[in-house]
Amino acid sequence: PLTGLTTQAHLREAIAAVYRDDLPGSHALVVLDSADRGVADLPVSSARTMTLLGQHSRSVFGRDETISQVGNGRIVVLCDRTEGLGERVALLRRMVGDSAGRVWIEGLPTTEGSAAFLLDELARTTH
């Protein structure tokens, strides 16, 4: 895509791999809502904002993490749940500033089916 982010389908496959390896407790989702989310009449501005949010996300989560655009105006990062995760999310919040309406950590559910449902909800809902 224009933003350089992977697709929701790619994220779904990466999440499935976590469950195949029986590691859902060792991973989390970091979710960013674009400040432009839900503003249909600003497509160029929204694409620019998503590109910026993606660049910042890659700066903070640039190793083996999967960074995807999910739905309209939302980025989801599949990452390891480590002691430093809160600090990384705080850094990301500072970097994105007003470009993101919200940034939060979402734990992975215990089952793959529940994770698929969560991902569908993240793609569908607005703030």
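Go through GLU65, GLU83 for me and flag whichever is over 19 Å from LEU119 (Cβ atoms) and of a type in the set (Asp, Glu). So the residue among GLU65, GLU83 that is over 19 Å from LEU119 (Cβ atoms) and of a type in the set (Asp, Glu) is GLU83.
What about ASP120, is it of a type in the set (Asp, Glu) and in contact (Cβ under 8 Å) with a residue 40 or more places away in the chain? No. Return the residue satisfying two criteria in turn: it lies in the stretch 97-119 and is in contact with a strand residue (DSSP E or B) (Cβ under 7 Å, 6 or more places away or on another chain) and of a type in the set (Val, Ile, Thr), and of such residues it is surrounded by the fewest Cβ atoms within 10 Å (Cβ to Cβ). My answer is ILE105. Filtered by the rule that a residue be hydroxyl-bearing (Ser, Thr, Tyr) and modelled with pLDDT under 75, the stretch 32-51 gives a lone residue, SER45. The set of residues in the stretch 68-96 being open to solvent by less than 50 Å² (accessible area, probe 1.4 Å) and either farther than 24 Å from VAL18 by Cα or acidic (Asp, Glu) (or both) consists of GLY73, ALA90, VAL96. Exactly one residue out of ALA35, ALA9, ALA28 is touching a Gly at 6+ places or on another chain (Cβ under 6 Å) and either open to solvent by 40 Å² or more (accessible area, probe 1.4 Å) or acidic (Asp, Glu) (or both), and it is ALA35.
The values are calculated or read from the model by the stated rules, or taken from the named source; none is laboratory data. What you are looking at is a predicted structure, and each value in this text was computed from that prediction instead of being measured. Heads up, the Cβs are rebuilt from the backbone with ideal geometry, glycines too, and the neighbour counts pull from every protein chain shown. Please note that ligands, DNA and RNA were not included when accessible areas were found on the heavy atoms of the full protein model with its side chains. Shrake-Rupley method; radii C 1.70, N 1.55, O 1.52, S 1.80 Å.
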